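For reference, the structure discussed in these notes is given below.
Any read-out appearing in this document is the output of simple, stated calculations on the displayed coordinates, not a laboratory observation. Here the structure is a predicted model, which means the values were calculated and not measured. Counting neighbours? That spans all protein chains shown, and the Cβs are built from the backbone with ideal geometry, glycine included.
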Amino acid sequence: MLAVRGYGSRRTAEGLIEAGRVTVNGEVARLGCRVIDADSVCVDGAPVGIAESLEYKLLNKPAGVVSTANDPHGRKTVVDLVPSVSRIYPVGRLDAESEGLLILTNDGPFADYLMHPRGGVEKEYLVAIDRRVTPQLLGAMRRGIEVDGDLLVAKRVGQLSSQTLRIVLKQGKNRQIRRMVAACGFEVTRLVRTRIGSLADPSLAPGQSRDISTAELIALRSGGRSIR
């Protein structure tokens, strides 16, 4: 219920409950407890209102903006860039220096689906590196690389120019591409997410956002495949 009403993804809502920040009729809530419309539900003492209308936004995130709803250091966030009547939050993250497409929504189950590997939604990236691409780099990226105990695997890796790669991921580990490239002795100089599932928009300028259409949502929910 919290996820549907704009309190982040299902995992975020469960974290609020586990931390004792949610009450139902004045009693601290527990995971799995059921509520009805007549119940008084509060988060940090503030009543949870009626369900908000669901919003789905696509942002072309510029470099230097953090992928959070709030930043304790006062940096500009992706939420600052997206006009919305509801409390929306980013689905997954692009690190501050990375650019490209990012979905923001208040639909918790939809966000969970996009982020979980079983959803099968690909993310595609344009990656510039500091030196010429070598066969050894391509081979290692395609086989997978173990970094700090994580096996990092790209679904597809292609070379676009002497210093540019196109990389498709389904895994989505923290800073995955930068870690893979660094493990091979190279450095990422620019990273741009160009596609999420079937969703791409080369006409969307950095810093701009738009609503995601119903047809695009249907395609994303079908595993990111285009619908015809």
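Put a dot 7 Å past the Cα of ASP95, heading toward its Cβ, do the same for LEU160, and the two dots end up 1.9 nm apart.
Under the membrane-span-like helix rule (DSSP H runs whose alpha carbons stretch at least 18 Å along the helix axis, mean Kyte-Doolittle hydropathy -0.5 or higher), the chain yields none.
Rounded to two decimals, the Cα-based Rg/Rh of the range 121-228, with Kirkwood Rh, is 1.01. PRO90 sits among other residues whose Cβ lies under 15 Å from its own Cβ, and their net charge, with Lys and Arg +1 and Asp and Glu -1, is +2. Positive-end ranking of VAL82, GLY100, THR134 along the dipole of the range 80-135, with charges on Cβ about the Cα centre, is headed by THR134.
Taking packing as the residue-averaged number of other Cβ atoms within 10 angstrom, the listed peptides 13-19, 27-33 run from highest to lowest as 13-19, 27-33. Inter-label distance, THR134 to LYS170: 3.0 nm, where each label sits 7 Å from its Cα along the C-beta direction. Here the 3J(HN,Hα) profile of the range 66-77, calculated from phi with Karplus coefficients 6.51, -1.76 and 1.60 at θ = phi - 60°, is 8, 8, 9, 7, 9, 10, x, 9, x, 6, 5, 10 Hz, Gly and Pro shown as x. Dividing the convex hull volume of the alpha carbon atoms of the chain by its residue count gives 151 Å³ per residue.
In this structure, the pairs whose alpha-carbon distance is over 18 Å, taken from LYS61/LYS123; LYS123/LYS170; LYS76/LYS170, are LYS76/LYS170. Computed extension gain for GLN208 through VAL35, at 0.36 nm per residue and net of the alpha carbon distance, reaches 58.4 nm.
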